[in-house]
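Have a look at the structure below, then the notes.
The values are calculated or read from the model by the stated rules, or taken from the named source; none is laboratory data. All of these numbers come straight from a predicted model, not from anything done at the bench. Note that each Cβ is placed from the backbone with ideal geometry, even for glycine, and that neighbours are counted across all protein chains shown.
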Amino acid sequence: MKRAIVAILLLALPAFGQGNGAMLLAKDVQKTEEIINNILNESPDGKPAEAAGPDKKESAPQAAETKTAPAPVPSRSKKDVPAKQESAPKITNQEQVLFKTGVDFYNNGMYDNSLKMFQDLGAKFPQGMLKDSAHFWMGKAYLKQYRYDDAIKELSTVTAESGDYPASIYYTGESYQMKGDQITSIEYYLRVQAQFPAHELADKALLNTGWLYLNQQKGTQALESAVKIIKYYKDRGTIDDAYYLIGKVYEKDPRLKDIETARKVYQLFLKKSGTDDRFGSSPLKKRVEEDLQRLDRLYFNMEK
């Protein structure tokens with residue numbers, strides 16, 4: 001029953017054209033296949049049975065564009081600095097109170113109250129230091145209230161200079177996903193991982209992208225998303241989700257379907273639960289046990 005994974009992956013590829021483009025895509029598929037084989041052959045403690053090859057020590061990808069830090073400016077005496085540059089704009093106490101209260105209301109599920117605080121903050125301090133953060137939190141509150149268009153509108157006003165900008169892209173993707181616009185959602189999730197690969201939401205963006213691809217029966221792309229999490233974000237909390245996604249791809253995708261491989265992934269998940277708490281305490285563990293029992297019963301004549 002077992003089939004060569006690389007053959008399955010290659011059969012899943014759409015027409016990509018001739019020449020260099022097709023060759024590059026084939027290399028990407030081969031790389032994904034090698035990583036999945038390594039995952040299936042690893043021991044429960046996460047160590048591969050054989051050397052992983054040149055990619056073993058590869059670190060997380062860098063952002064598409066990186067800015068070089070400016071050279072240090074020689075110190076000058078106070079009298080050389082223009083008076084208007086001596087101090088940066090300060091956040092007033094009233095701004096801080098409004099903002100903190102809005103966040104507290106949000107964290108306690110009081111979204112209407114939270115929105116009012118941030119709206120007051122924006123009205124009273126339209127050019128304040130916290131205006132971007134106010135729009136960001138308003139977007140999150142609207143998302144919680146299922147007001148997706150309002151959420152997208154608020155999140156779109158967060159400027160690229162804001163520390164909330166990467167997360168605003170992520171939650172815009174989530175808003176589109178909840179609206180049912182999967183294609184636009186994927187576009188925003190991919191932006192997070194491509195532009196801000198070290199961000200705390202980058203791996204979650206990849207995971208969401210993988211599930212959306214699987215929903216669209218694009219198993220190869222779903223596998224690539226899961227593999228990137230395992231390869232670049234192995235120390236994060238989405239690692240169990242990535243393994244489960246791989247199992248589901250081989251169980252459900254019409255082109256890549258390989259029940260034996262899906263079974264192996266589920267078995268590996270449960271083995272790792274004994275050595276890695278992220279798997280042992282994972283909310284997915286019970287689901288994996290049930291899925292494995294179902295596959296054994298339906299395809300391998302094993303009653304449990």
Requiring at least 3 residues that are modelled with pLDDT under 95, the helices (runs of 4 or more DSSP H) wholly within the range 147-202 are none
Exactly one of Ile183, Ile259, Ile246 is under 27 Å from Arg297 (Cα atoms), surrounded by fewer than 20 Cβ atoms within 10 Å (Cβ to Cβ), out of contact with any His (no Cβ under 7 Å at 6 or more places or on another chain) and of a type in the set (Val, Ile, Thr), and that one is Ile259
The helices (runs of 4 or more DSSP H) lying wholly within the range 242-300 that contain at least 1 residues that are assigned by TED's automatic domain parsing to the domain that holds Thr220, in contact with a Leu (Cβ under 9 Å, 6 or more places away or on another chain) and basic (Lys, Arg) are 259-272, 285-299
When restricted to Gln221, Gln217, the only residue under 26 Å from Leu40 (Cα atoms), at pLDDT 95 or above and in a loop (DSSP other than H, G, I, E, B) is Gln217
With the first residue restricted to the range 138-164 and required to be among the acidic types (Asp, Glu), and the second required to be not in a helix (DSSP H, G or I), Cβ contacts under 6 Å at 6 or more apart or on different chains are Asp164/Val158
Of those in the range 223-243 that are over 17 Å from Val288 (Cβ atoms) and hydroxyl-bearing (Ser, Thr, Tyr), the residue surrounded by the most Cβ atoms within 10 Å (Cβ to Cβ) is Ser225
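Listed here are the residues, each with its yes/no results for (1) among the acidic types (Asp, Glu); (2) touching a Pro at 6+ places or on another chain (Cβ under 8 Å); (3) in the same structural domain as Pro166 (by TED's automatic domain parsing); (4) under 22 Å from Ala160 (Cα atoms).
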site	(1), (2), (3), (4)
Leu98	no, no, yes, no
Thr101	no, no, yes, no
Tyr111	no, no, yes, no
Phe118	no, no, yes, yes
Leu121	no, no, yes, yes
Phe125	no, no, yes, yes
Met129	no, yes, yes, yes
Arg147	no, no, yes, no
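Using the structure shown, decide if Gln119 is modelled with pLDDT of 95 or more, within 21 Å of Lys204 (Cα to Cα) and either in a helix (DSSP H, G or I) or of a type outside the set (Ser, Thr, Tyr) (or both).
no
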